[in-house]
Amino acid sequence: MKFRNRNLRAIAEMVIGDAPYFPYRSSSYITQFFEECDLDFVHDGSTRWSWTVDHLSELLQEPQPQANALPERFVHVLQVLMQKSDAEDNDPQRVLALESLNKPLEREGFEAFYGEDNQLYIRHIGSKTLSIAPNPHRPFTPNEIKRREQLTTYLDKCSEDDLIETVLLPLFRQLGFHRITAAGHKDKSLEYGKDVWMRYVLPTQHVLYFGIQAKIGKLDSSGTSRGTNANIAEIHNQVLMMLGHELFDPETSRKVLVDHAFIVAGGEITKQARNWLGGKLDATKRSQVMFMDREDILNLYVVSTLPLPDGAIPKAAESSLDDDIPF
């Protein structure tokens, strides 16, 4: 990846403190800054901005973790640069510093924002792909816990189509998947076991195809489906259909097979259901099938800073929560 010269210089001037709202760094403090970034760059006494541009450019040449994402060590430099503990007196919340950083980033198709954990994240404007995904296993902030509870209430009452359209599709787009297509439920004969199919582009530009079989309730190993609970044997048959049926990718104008299948439940996937399915899948197919239940959905959705679906936020709380979500 390569940034335009003026954009890279603008970021370099923020690193060395020649830009407003950033602390000034002399030669030794530039070296110290990169040590904080876990990099062994030592300033050699040459022109500060030019030296910094060269090393930032070097970081940009490293492999991308995924398509439409910046290299991890470059993002880490920006995260250290934007730590709120380094705020200047005239910008205590680093709002103005963030605006300055976003000017060169937006010209390259990216934007920076602070998450609920006060860490900086970089998002591709077009695809909404995060350069470094937030950790879904970290402790949640009080506001994140509140949003998680509201999403839980929404999942208790939403339909299967709502789960797919308003929760899963935005979530997987945020996680870096492309060409996400929902089959819908108007014509079951056209699904062939797939509720959603999508593409994931590896850093090598190879493409993997994924299918999603989604159910709104709990998945268990009972003999028959009851209410919103679904029998794992039925899901097993649908997954086999998904893995065995071709789909047409209009971008490449060819038919392809699904490489991996997600079984997604809006409720719990019981241990007995997981064990039953694991016993049914042979060694070759076992790595093709992955599980996501309600806990996974809640954790990933909340830390990905996605706005809650319509109907998930009580009317009285909408105005107060809108100020907390970084959009």
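Going through the cross-link list LYS103/LYS157; LYS218/LYS280; LYS128/LYS157, which pairs have a Cα-Cα distance over 30 Å in this structure? Present the calculation step by step, with values, prior to reporting the outcome.
On the way: LYS103/LYS157 42 Å; LYS218/LYS280 19 Å; LYS128/LYS157 28 Å.
The answer is LYS103/LYS157.
Considering only the chain, what is the antiparallel percent among its DSSP beta bridges, to the nearest 5?
Bridges in the chain are about 60 percent antiparallel.
Considering only the other residues whose Cβ falls under 14 Å of the Cβ of ARG94, what net charge follows from Lys and Arg at +1 and Asp and Glu at -1?
Details: positive: LYS84; negative: ASP86, GLU88, ASP89, ASP91, GLU99.
For residues surrounding ARG94, the net value is -4.
Taking amide hydrogens as modeled 1.01 Å from N in the peptide plane, which residues meet the under 5 Å criterion relative to PHE291, leaving out close sequence neighbours?
ILE263
Give the angle, between 0 and 90 degrees and rounded to the nearest 10, that separates the Cα long axis of helix 271-280 from the longest principal axis of the Cα atoms of the chain.
Value to nearest ten degrees: 80.
Roughly how tilted is helix 27-36, in degrees to the nearest 10 and between 0 and 90, from the longest Cα axis of the chain?
The angle comes out near 20 degrees.
Which whole-Hz ³J(HN,Hα) couplings does segment 234-247 yield from phi under the Karplus relation 6.51 cos²θ - 1.76 cosθ + 1.60, θ = phi - 60°, glycine and proline marked x?
Whole-Hz 3J(HN,Hα) from phi for segment 234-247: 5, 5, 4, 5, 5, 5, 4, 4, 4, 6, x, 9, 6, 10.
Mind sorting out which of (1) 19.6; (2) 30.3; (3) 15.9 is the real mean projected area of the Cα convex hull in nm² computed from the coordinates?
Checking each listed value against the structure points to (1).
Relative contact order of the chain, please, whole-number percent, based on alpha carbon pairs below 8 angstrom and at least 6 residues apart.
14 percent
Using the Karplus curve 6.51 cos²θ - 1.76 cosθ + 1.60 with θ = phi - 60°, work out ³J(HN,Hα) for each residue of segment 291-305 in order, rounded to whole Hz, and write x for Gly and Pro.
10, 9, 10, 4, 4, 4, 4, 4, 5, 5, 5, 5, 6, 7, 6
FYI, it's all coordinate maths here, none of it is from the lab. Keep in mind that what you see is a predicted model, and the values were worked out from it rather than measured. Glycine also receives a Cβ, built like all others from the backbone with ideal geometry; neighbour counts cover every protein chain displayed.
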